[in-house]
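Reviewing the structure listed below.
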Amino acid sequence: MIPVTVQEFLVALTLGAGAIALWINFRFPNLAPQRIFWAIIHVGAAILFGQVVLPGVHALIPDTNPVARALVTTFLLGLPALVYALLSSIWVIRIAQGALLRR
């Protein structure tokens, strides 16, 4: 097993989340909102989920096994939140780009 630093792991996790967000964006284009209002609502929901819901749910996970708690928090809570935040950002960029192209 190759030792990995926390920084290397976070970079890999973020790149993986970005790849998943791009895949969802291109695989399911009908999921994207058509108006900037709804895209910004999605960004707000992603921020709310990441800043409020995740810490609250993290506190509910029992601390009997710290390794299991870290894995659950990272992959079952953190990764989906990061993917959603990046996906909603992609949607805002696409809508803004479309608005600029129509000018």
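Computed from the alpha carbon positions, the gyration tensor of the chain leads to an equivalent ellipsoid with semi-axes of 31, 17, 10 Å, biggest first. Remark: the chain carries a charge dipole of roughly 560 debye about the Cα centre, counting +1 on each Lys and Arg Cβ and -1 on each Asp and Glu Cβ.
Just so you know, all these numbers are worked out from the coordinates, no wet-lab data involved. All values derive from a computational prediction rather than experimental measurement. As a convention, Cβ positions derive from the backbone with ideal geometry for all residues, glycine included, and neighbour counts pool all protein chains shown.
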